[in-house]
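Heads up, the thing below is written out as structure tokens.
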Amino acid sequence: MKVLTVAIIIASCVVIGLVLRIVIRRVVHRIVDSAKNKASVDDTQALERSPLADMRLVQRTRTLGTILQNIVNVMLVVIAIVLIVNAIDNSLLGSLTLLTAAVGAGLGFGAQNIVKDVLNGMFIVAEDQIGIGDVVDLGLASGVVEYVSVRITQVRDVNGTLWYVRNGEVTRIGNMSQGWARSIIDLGVPADSDLEQVEHIMLETAQGLAKDPKWRTRIIEKPELWGLESIDGDALVVRIVIKARANAKDDVAQELRRRLRAALLEKEIGVPRMVDVVPTGLDGARRVRGANPPKTRPNAVTGVPIIPDRGIWRRKKPNDDGSTQK
């Protein structure tokens, strides 16, 4: 009977595990298929051409699905062991409980970092802070994310080195691939150049790039001319910015620099230098136009009495017949 009970417990846990895995897989597939149907694509890789949220939703859903499957497996194994020990001998359950409590207390001190890594990793995945393919700065390492799990994140830098970063050690994340990015280009022209003409050429060139059918899908907003940024030696530094999709920022910046150089040389205007700029610290915080705070709707004011149309210090509104309101 004990052997039969143990067999039933094992079979029940296996069946429950299979059912839960099927449920998790169906939920994951349903979310992924919904994202594919919304983007009208058949392959997950094709979601890169669709809105970024769909691709990140697929990545996050699959990662969370794997985490849930691992949690289910561990829980079922623990439950099966407890039930089997209880079926074999009830007295062993108390000893097993004391043993596991002692082992858990001992491992608790040594596994603090692992618990911290797992908890922080779950929040990173659930809150969609980073995803596979993102260009990130984790403080400890910078590069392209190749793998994200609940314990570690793999980042490959520009030199090809693969960094294994523990999620518990990540205190800040700079994600350069989410949403949009801004290409800021400082163009140096000779000091005796006609500034208005240079600004007109730069803005017209950037607007032409934004209207180009090949590039307009990568550009989010109209280019902005921020004007004369500084006077550097014998050169006037004029700044122009263009807001593009995060994964297309470098391509847009390179094409804009190429077109700016060609347009200025066509007008016989020299180009001493042309560089990309990334404002940081106070320089980036002070520039209100660069910050573009999010637009918010005013909150409804409650608890304030409604002011009538006519008051003590307000003139009475005349009626259509010329008489005043009573």
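The values are calculated or read from the model by the stated rules, or taken from the named source; none is laboratory data. All of these numbers come straight from a predicted model, not from anything done at the bench. Here Cβ is always computed from backbone atoms with ideal geometry, including for glycine, and neighbour counts include all displayed protein chains. What goes into the accessible areas is simple: the full protein's heavy atoms, side chains included, and nothing from ligands, DNA or RNA. Shrake-Rupley method; radii C 1.70, N 1.55, O 1.52, S 1.80 Å.
Report, to the nearest whole %, how much of the accessible area of the range 211-251 belongs to carbon and sulfur atoms, 1.4 Å probe, protein only. All intermediate terms of the calculation are to be shown ahead of the outcome.
Working: 1030 of 2340 Å².
Answer for the range 211-251 is 44 percent, counting heavy atoms of protein chains only.
Enter the accessible area per residue of the range 135-241 (Å², integer; probe 1.4 Å; all protein chains in place). Display every interim value, and only then the final one.
On the way: 5610 Å² over 107 residues.
Computed with neighbouring chains in place, this is 52 Å² per residue.
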Problem set entry | the range 150-162 - phi-based ³J(HN,Hα) in whole Hz, Karplus 6.51/-1.76/1.60, Gly and Pro as x | 6, 10, 10, 10, 9, 10, 9, 7, 5, 7, x, 6, 8
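Based on the Cβ-Cβ distance from D137 to E229, what FRET efficiency comes out when R0 is 30 Å, to the nearest 0.05? All intermediate terms of the calculation are to be shown ahead of the outcome.
Working: r = 25 Å, r/R0 = 0.84.
It comes to 0.75.
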Exercise. ³J(HN,Hα) across the range 123-130 via Karplus (A = 6.51, B = -1.76, C = 1.60, θ = phi - 60°), whole Hz, x for Gly/Pro?
Worked result: 5, 4, 6, 5, 8, 6, 6, 9
Exercise. For D232, which sequence-distant residues (separation of 5 or more, or a different chain) have an amide H within less than 5 Å of its own amide H, given hydrogens modelled in the peptide plane?
Worked result: V237
Seminar exercise, completed: Sorted by chain and number, the residues with a modelled amide H under 5 Å from that of W180, at a separation of 5 or more or across chains, are A246
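Within the set K211/K249; K222/K267; K222/K243, which residue pairs have Cα atoms separated by over 19 Å? Don't skip to the end; give the middle numbers.
On the way: K211/K249 16 Å; K222/K267 24 Å; K222/K243 7 Å.
Cα-Cα > 19 Å for K222/K267; rest within.
Would you please give the FRET efficiency between K211 and V27, computed as 1/(1 + (r/R0)^6) with r the Cβ-Cβ distance and R0 = 25 Å, to the nearest 0.05?
Working: r = 43 Å, r/R0 = 1.73.
That pair, K211 with V27, gives E of 0.05.
Can you give me the % of accessible surface on the range 154-197 that is carbon or sulfur? Probe 1.4 Å, all protein chains present, nothing else counted. Show your work: numbers first, answer last.
Numbers: 1180 of 2460 Å².
Carbon and sulfur: 48 percent of the exposed surface of the range 154-197.
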